[in-house]
Each structure stands twice: as structure tokens, then as C-alpha cells.
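The values are calculated or read from the model by the stated rules, or taken from the named source; none is laboratory data. Everything quoted here is computed from the prediction, not taken from an experiment. Using ideal geometry, Cβ is built from the backbone for each residue, glycine included, and neighbour counts are taken over all protein chains shown. Surface accessibility is based on the protein's heavy atoms, side chains included, excluding ligands, DNA and RNA. Shrake-Rupley method; radii C 1.70, N 1.55, O 1.52, S 1.80 Å.
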Amino acid sequence: MSSQRATAFVPGHVTAFFSAHPDDDPAVAGSRGAGVTLTDGVTVRVSAVDGAVDGTGSRTIDGEPGSIGAVEDVLTDLDAARADVAVETDLPIGAGFGVSGAAALGAALAANAAFDRGRSENDLVRTAHAAEVGRGTGLGDVVAQARGGVPVRLEPGAPGVGELDGVPATARVEYVTFGELSTEGVLGGDTTVLSAAGEDALDRLRADPRLPTLMAAAREFAREADLLVPEVAEAVDAVDAAGGEAAMAMLGRTAFALGTGLSDAGYEPEACRVDAAGARLVGGRGRE
């Protein structure tokens, strides 16, 4: 028995600031804000086994059995639940890197190719965005990861509803993670103060769309929204004292910095770069 197989890569995404915009329609719901996509990301491999009976194929995360709710919803939408799906990432899960959204978008791209579903990119992004919003695991990562670069989400929602711009810049990015922070817990609560701070930050960046402005707006947002955790605050202050730019990743106990900010402050961070291309198929589609 042979299988049709496809692989997608989706960049990680750290949100610098955001405002929440819920809606009964998950494709319309989303967030406004800005962030940075990373060359460290998520790889999703989908294998469609020929002649497979109805049912669910195997699911692994970094080689261990496991599944992600948003991925399952995407596969159902594409009638691809019977596929074998492998999600691999070097990024920490639940720490503000958009892994759930990346996995959902990667599954959409790879399943569309493996099963030859003939969907457009916008359709696949919409499917992944709706799946993640529906699961409560994110509001804007998917559309940002589809674009790549330094995306600015001007209007919430999936393609056809939302609107994107970007900061035309690239950079080395360092990050250090101190643990998980529940996205569902924050998004499920009262987001009034958070969203007001996010709107202020977005106005600031739109007036001056440069990376230093994004980082300064991110730091102010974390304080105003009362999301800053002690370990991250300490790291951000240390980077500032060393002459660098750092901020908190939303939503996670993670500090990220431009250039060598965290290294200069005495940390031992992971390092990558801004991802220029956004989500894409890699390696071609093939049989095995």
C-alpha cells in the first residue's frame, strides 16, 4: 500500500501586542495587533494512505503520540482525518510562539496537497484560522504566519475579512522561555483593558512602522494590560540595561529580543531570524 505525502513549514509567531475582537463566526473573529514571524517554526507531514478505510490515522507531536484540537478540525474540514499526521517543532508549546496555529495551517496546506483537494491559499488560511479561534487557542497567529515577515493586523479575521500590513524589516531574533501561560485563560476572561492597550499600541506603530517602535509599544502594552510576569520583566529590564530591545511574547512566559539583546544581558537564548516567506509547502508532494 502506498501513500501520497506532503510537507508544510509554518513559521513561529510571537505577538508583540493585540486587541481581541470576538465574533460568533470564527472566520470573522480575530485580533488587531503586530508581531514577528520566526525561522524557527512547525513542520507538518501529512500522508494520505491509498485505500485507507474511514477512521482516524496516526497523530504524533515531536515523535510522540498526541494531537492538537485545531489540527483535527482542519483535517475534518478537508475530509482528511484518515491521514497520518506528524507535527514537529523545536519551539516550546504554550509559551507564546503560535504553535497551535502553525500546526493547523501546516495541516491545511499539507492535507490539501496530499489529498489534492484543490483549495486556494486564502481558503486554507481561513479554515485554519477558524479552527484555532474555535478552539480558543489563538486569534491572530494563523493570518500572521501565512504572511511572514513582521505582520501588522489592521483588521481582525481570516482572508476576505481581515486586513494585513507589515513593518518592512528583518532582524536576528533571540528568545528565552520561562514556562507556559494559558492562552485560553486570558482570552476567555475580560479583555477590555487588554484591548484598549492593544489599540493604543497599534496606533503608535502605524504612526511609525519600525522595529524599535514595535518593541517599545510591546513593552508598554504588557504593562498596561497587566500581563507582564516577573521572570520576563526581569529579562526585559536586563536587555534594556545592556542597551538592547526586548519584550514579552503574547501569550507566554517568554522574552524575545532583537539582535543579540538577550545574549548581551547574560542569558543563553535560542536564536533565529525573521521569516521572510511565511507558511509554505516544502520538499514537494510525492509517493512513498
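Restricting to Cα pairs below 8 Å that are 6+ residues apart, what does the relative contact order work out to for the chain? Please round to a whole percent.
In percent, rounded to a whole number, it is 27.
Quick one, what does Rg over Rh come out to for the range 186-233 if you take C-alpha atoms and the Kirkwood Rh?
Dividing the radius of gyration by the Kirkwood radius yields 1.01.
When the Cα centres of the range 137-164 and the range 94-136 are compared, how far apart do they sit, in Å?
Distance between centres, Cα-based: 12 Å.
Taking the alpha carbon gyration tensor of the range 204-288, what are the square roots of 5 times its eigenvalues, largest first, to the nearest whole Å?
Taking √(5λ) for each eigenvalue gives 29, 17, 14 Å, largest first.
Expressed as an acute angle from 0 to 90° and rounded to the nearest 10, what is the orientation of the C-alpha long axis of helix 99-114 relative to the principal long axis of the chain?
For 99-114 against the chain, the angle is about 30 degrees.
Pop the C-beta distance of ALA271 and THR192 into the FRET formula with R0 = 25 Å and round what comes out to the nearest 0.05.
The calculated FRET efficiency here is 0.10.
Can you tally the net charge around GLU88? Count Lys and Arg as +1, Asp and Glu as -1, for every other residue whose Cβ sits under 11 Å from the Cβ of GLU88.
Value of the local net charge: -2.
Hey, what's the chain come to in accessible area per residue, 1.4 Å probe, Å²?
Per residue, the chain has 41 Å² of solvent-accessible surface.
Relative to the longest principal axis of the chain, what angle (0 to 90°, nearest 10) does the C-alpha long axis of helix 121-135 take?
70
In the range 137-181, whose amide N lies under 16 Å from the spot 7 Å out along Cα-to-Cβ of ARG210? List them in ranges.
In the range 137-181, the label zone of ARG210 (backbone N under 16 Å from the point 7 Å along Cα→Cβ) covers 167-171.
Can you give the convex hull volume per residue for the Cα atoms of the chain, as a whole number of Å³?
Given the Cα convex hull of the chain, per-residue volume reads 116 Å³.
Per the 1.4 Å probe, what fraction of the accessible area of the chain, in percent, lies on carbon and sulfur atoms?
Exposed carbon and sulfur together represent 46 percent of the surface.
What percent does the relative contact order of the range 59-173 come to when contacts are Cα pairs within less than 8 Å and at least six residues apart?
Relative CO of the range 59-173 lands at 21 percent.
Please express the Cα-Cα pair-distance distribution P(r) of the range 97-222 as a list of whole percents, one per 10 Å bin, running from 0 to the bin with the greatest distance.
11, 37, 39, 12, 2
Which of THR89, PRO11, ALA103 sits farthest toward the positive end of the charge dipole of the range 6-142, with +1 on the Cβ of Lys and Arg and -1 on the Cβ of Asp and Glu?
Value: PRO11.
Going 7 Å from the Cα of ARG223 along its beta-carbon direction, which residues of the range 1-41 have the amide nitrogen within less than 18 Å of the resulting point?
16-18
Between the helical axis of 230-241 and the dominant principal axis of the chain, each derived from Cα atoms, what acute angle in degrees is found, rounded to the nearest 10?
That helix lies at roughly 60 degrees to the long axis.
How many times 2.2 N^0.38 Å is the alpha carbon radius of gyration of the range 151-228?
The value comes to 1.21.
In whole angstrom, how far apart do the alpha carbon centroids of the range 1-37 and the range 201-239 sit?
First find each Cα centre; the distance between them is then 21 Å.
Return the inverse of the average 1/r over all pairs of distinct C-alpha atoms in the range 148-191, which is the Kirkwood hydrodynamic radius, in Å to one decimal.
Kirkwood radius, the range 148-191: 13.7 Å.
How large, in Å, is the range 1-104 by the Kirkwood hydrodynamic radius built from its alpha-carbon pairs?
Value: 15.0 Å, from the Cα pair sum.
Report relative contact order for the range 160-276 in percent, whole number only (criteria: Cα-Cα under 8 Å, sequence separation at least 6).
Contact order relative to length: 40 percent.
What percentages make up the Cα-Cα pair-distance distribution of the range 27-180 when the bins are 5 Å wide from 0?
P(r) over the range 27-180, rounded to whole percents: 2, 10, 19, 22, 20, 14, 8, 3, 1, 0.
Report the rotationally averaged projected area of the range 134-288 based on its alpha-carbon convex hull, in square nanometres.
11.3
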